[in-house]
Amino acid sequence: MRYIEPHGHMVSRTTDDYIDMVTAGCAAVCEPAFWAGFDRSSPQGFFDYFCQLTEHEPKRAAKFGLPHYTWLCINPKESEDVNLAEEVVDLIPQFLDKPNVLGIGEIGLNKNSRNEMKVLEMHADLAARQDQLILVHTPHLEDKLKGTKLIIDVLKADKRIKPERCIIDHVEEHTIGLVLDAGFWAGMTLYPESKCTAARAIDMIECYGGERVWMNSACDWGVSVPLAVPYAALEARRRGYNSERIDQLVFKNPAQFMSQSSKFKVPVA
Ligand SMILES: [Zn+2]
């Protein structure tokens, strides 16, 4: 089996995780910029992180034969300080020409605050001006439905942004329909404790179809499973999906979305 991990926070993972992923068939990994688990104290902290994502981590992944791509932003959890966010957003353009940068992400909302909305709009504007793909984080639990609607409104309001070039991640049963109906791609994050299990993800695929969707593990510094995507493939196989259908979900779909960036090279098995 081959698969793409379209949303993995690899700077948080060990080399053993890289070995396990490659052994399970991972053919490429894509890493959105994320909260570090604590707030960075200055734009310089983000500059260093962007260097890590565009220079160091691709080299670390390459040691295991794994192509590594990334997305840049200041994440919604640190977007409350709009002045800091402005300084960080100004840092991003100098990194956009790096060979592994696919776009702007994971942007979005965390608590659906006014300041987060402002910073979301700043990122959307940057992506539109620079013709970048967009990867969106949606809020947790009770904030998810409202936040997803707000995000869709912001992206739809900017006529330069094409929905088919945006993926809205962490969808659940009550948000996936909204996202797909609005023309966006939908990402399902497979977490052992929150977000979505493999069984729920395959249920959603059965209800909404297998187009414009991908599954990811997120595999960050919290409780998460780097092999969640191949485990979901196993769940699909249990339900009688053949190899071709599984390949479409875990390899061809993410490859199709990311190939909208000329920098993404579809891995050759
Ligand atoms: Zn993430």
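Here are the numbers for the structure shown:
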| quantity | calculated |
| --- | --- |
| The stretch 30-46, residues that are among the small types (G, A, S), away from the ligand (no atom under 15 Å from the Cβ) and either surrounded by 18 or more Cβ atoms within 10 Å (Cβ to Cβ) or closer than 18 Å to G105 by Cα (or both) | G45 |
| Selection from the stretch 159-187 of residues that are without any contact (Cβ under 8 Å) to a residue 24 or more places away in the chain and either buried (at least 24 other Cβ atoms within 10 Å of the Cβ) or small (G, A, S) (or both) | G183 |
| Identity of the residue in the stretch 188-201, more than 17 Å from the chain's Cα centre (by Cα) and either within 16 Å of the ligand (Cβ to nearest atom) or open to solvent by less than 20 Å² (accessible area, probe 1.4 Å) (or both), that ends up farthest from V225 (Cα to Cα) | E193 |
| Meets criteria (out of contact with any helix residue (DSSP H, G or I) (no Cβ under 8 Å at 6 or more places or on another chain) and at pLDDT 95 or above) for K162 | yes |
| In the stretch 202-222, residue farthest from R237 (Cα to Cα) [restricted to those that are buried (at least 18 other Cβ atoms within 10 Å of the Cβ) and within 16 Å of the ligand (Cβ to nearest atom)] | D220 |
| Flag for I74 being buried (at least 20 other Cβ atoms within 10 Å of the Cβ), farther than 16 Å from I161 by Cβ and within 16 Å of the ligand (Cβ to nearest atom) | yes |
| Checklist (1) open to solvent by 10 Å² or more (accessible area, probe 1.4 Å); (2) touching a Leu at 6+ places or on another chain (Cβ under 8 Å); (3) among the acidic types (D, E); (4) modelled with pLDDT of 95 or more applied to D143, failing item | (4) |
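Condition check ((1) within 16 Å of the ligand (Cβ to nearest atom); (2) closer than 26 Å to A199 by Cα; (3) among the acidic types (D, E)) across all residues:
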| position | (1), (2), (3) |
| --- | --- |
| F95 | no, no, no |
| N112 | no, no, no |
| K118 | no, no, no |
| H123 | yes, no, no |
| L126 | no, no, no |
| T138 | yes, yes, no |
| I161 | no, no, no |
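Residue by residue, here is whether (1) surrounded by fewer than 21 Cβ atoms within 10 Å (Cβ to Cβ); (2) part of a helix (DSSP H, G or I); (3) within 16 Å of the ligand (Cβ to nearest atom) holds:
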{"position": "V11", "(1), (2), (3)": "yes, yes, yes"}
{"position": "D20", "(1), (2), (3)": "yes, yes, no"}
{"position": "T23", "(1), (2), (3)": "yes, yes, no"}
{"position": "A28", "(1), (2), (3)": "no, no, no"}
{"position": "D48", "(1), (2), (3)": "yes, yes, no"}
{"position": "Q52", "(1), (2), (3)": "yes, yes, yes"}
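The values are calculated or read from the model by the stated rules, or taken from the named source; none is laboratory data. What you are looking at is a predicted structure, and each value in this text was computed from that prediction instead of being measured. Every residue, glycine among them, receives a Cβ derived from its backbone with ideal geometry; neighbour counts consider all protein chains shown. Heads up: the accessible areas ignore ligands, DNA and RNA and are worked out on the full protein's heavy atoms, side chains in. Shrake-Rupley method; radii C 1.70, N 1.55, O 1.52, S 1.80 Å.
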